[in-house]
Every structure is written in structure tokens, then in C-alpha cells.
1. To the nearest 10 degrees, how steep is helix 267-278 against the longest Cα principal axis of the chain, on a 0 to 90 scale?
2. In the chain, what cysteines have no partner Cβ closer than 4.7 Å?
3. Calculate the spin-label point distance for T51 paired with T334, positioning each point 7 Å from the Cα along the beta-carbon direction, and give it in nanometres.
4. Assigning unit charges at the beta carbon (Lys, Arg +1; Asp, Glu -1) and nothing else, what dipole magnitude in debye, to the nearest 20, does the stretch 167-243 show about its Cα centre?
5. Enter the mean projected area of the convex hull around the alpha-carbon atoms of the stretch 74-191, in nm², rounded to one decimal.
6. Note the per residue figure in Å³ for the convex hull of the C-alpha positions in the stretch 236-288.
7. For D95 and S314, compute 0.36 nm times the residue count separating them, minus their Cα-Cα distance, and round to one decimal in nm.
8. Report the gain in length on full extension from E59 to L267: 0.36 nm times residue separation, minus Cα-Cα distance, nm rounded to one decimal.
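The values are calculated or read from the model by the stated rules, or taken from the named source; none is laboratory data. As the structure is a computational prediction, the values presented were derived from the model and not from experiment. We place every Cβ from the backbone using ideal geometry, glycine too, and count neighbours over all the protein chains shown. What goes into the accessible areas is simple: the full protein's heavy atoms, side chains included, and nothing from ligands, DNA or RNA. Shrake-Rupley method; radii C 1.70, N 1.55, O 1.52, S 1.80 Å.
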Amino acid sequence: YPAIYIDGGLLEVNSATISGLSADSSYDFYVQAVCAIDNVSMNSISGSFNTNSSPVIPEFLPNLSQLNLFTGSLANLTLSTNVFKYDLITPLFTDYAHKLRLIALPQGQAMQYDGEGFPLFPNGTVIAKTFYYNLDETNLALGKKIIETRVLIRVNGAWTIGNYVWNEAQTEAILDENQHTLPISWVNEAGEAMSTNYIVPAANDCTKCHSNAGNVVAIGPKMRNMNFEVDGINQLQKFMDAGHLTDAPSVDAITALPNWQDETLSLESRSRAYFDVNCAHCHSPGGFCEIQSTLDLRFEIDFNDTNILERKNSINNRMSIYYPGFSMPFIGTT
């Protein structure tokens, strides 16, 4: 046994090191007392333990499985214990795809609160977003089709970006810098047959959205866009309690971005939230469309300084129909 007590006093502490175990696995064990070669006790009652996940590798390795973001069969998208999921109040739209968003922080480090925008991420942070379609939204047991996993890695104070494209067998995703057009069909929640030619962006296309003033940036995980309840618990509070977020005030003191689908809120606040997530990374100072457009679609900008009113006809035309190279956004919708 690990510890032996006689008459209330600690007599001896024993320990054992076991090698050759697999990560993310459950093991049963029992203990014997060996007093002599011919004096061995019966087996103790069986105990059990779980091994930890393999460390996340913050490098763009050839295969997604090598990063250790997931455990077990890759297609199950089971998160490593070194990874945590995050959700957004108002998410980006990408041709109706579902998205699994996750963050992996270096061991013993945390995101640092830095206002209601992005937190400060430590070097070695990995942010990943996996795009998939449920084959039939009315019968999830039919499975899903996973398309791509986009990855950001923090290196020397800057983000690097890469994209992993899933194979047809759904057994692996391969680091790929090329654009791909994939025909996708599914059944939506209303039972309607849907289809699209999903475009996996090339590496150069990713930086159109994920860049500002020449630097690669994240888009979604702002404090104000993660400040809401998920499964009955405020998400930011959950991060703080787990040690993933430090130096943050009370969640009540942090702005929460409106949910654009919440019809109890004003139309202006809902549309501004939608613009902030889907458009402002390009339509803002330093963004990809800064020179081509006079719009500034950041949520924190006063409406009178956004030029939304002045450009309303152009916005409507570019969002209500689809023409490549004209419609908004350039990437993520067909």
C-alpha cells in the first residue's frame, strides 16, 4: 500500500513508478505485500487511475493528430485534457457550417485580461477551429462531415496561421496551403435538403481576414464575445475558476456583445454585433478593406462614425446577393 499505519502511527511510505503507459487511458491495479519469497499476501481490492493527455505541440506538424489537440479516434473530436472549448455569443457565419472552437495554453500559464477585446495570450498558445456539417440536423446519429481545422499558434509574441484539411475517410487532417472547393450536402433543421460548394481557403486567403496592419490576428475570442452563460455557467467565470484567465474584473463589469439572433434586443445592437464579428476585422483601421471602404464596423465605434448610414445601399447589395469578388465577406460564404 502507499502508506502503512500501525496504532495510528505512520510506519512506512512506499511508491512505485510505472513506465510504458498510454496517454488518455484508464488502468486498474492491485497491490500485494511481499514479506519474503514464500510469504506473499493476497491481492488487494482493485484500484484505478487515468493517465493524462499527451502535451499539446504548438508547432505546424504535417498531421493534425500530431498536435495532440484531440484524443482517441480523431473523427470523434474528443478534446485532450490539455485543451478547453470556448463559444461565442455572436459567431462568424461560414456557409452554415458548425464550428468547434478550442484553446490550448502552455502548462501553468493563462490568458491575461486586457480589456473587453482580446486577452493577452502567452507564447505557445494554440487556438483551433474545426468546421463540420451534421449530415442530417434532424437525426444527429447519422454523423457528420468534418472539412477543415484552422489553427493559430502564438510564437515570439506573434500569431502564425495554418490550415489542416480532413481526408475523405475522416481519419486525419493534413497541413495544406492550397485552396479546395468541396461539394457539401446536408439536411437542415427544417428537414430541407441543402448543398453548397464549400471553399477551403488557401493560406494567403486566410491572412485577408486574420490580419491587421500587417500582423496576423485572431477574430472571435474577445472578452465581450465570450461573456455569456454556457450550460448554465458564465463562460468567463468558468475560465477564471479554472485558472485559464487572470486579472479579470467581475464578469458583470465586462461588456457582453449582443446575440444578433435575440429578437428581444434592438435591431441596431443586433446588427452592430453581427458586423463586429463578421466584418469589422476587415472594415476597421489596419484591416484588409481599410483603403477600399470608408466603413468602420467595430462594435465600440459610435454609430455616427461608422458610415453605415451613408453606405447602407452598398452594404445591402454586397450582402444580399453573391458575386465572387464583389459580395461581402470575400471568404466564408457562397
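1. Roughly 70 degrees between the two axes.
2. So, C35, C206, C209, C279.
3. About 4.3 nm separates the two model spin labels.
4. Here the size comes out at about 440 debye.
5. 9.0 nm²
6. 134 Å³
7. 76.7 nm
8. 70.6 nm
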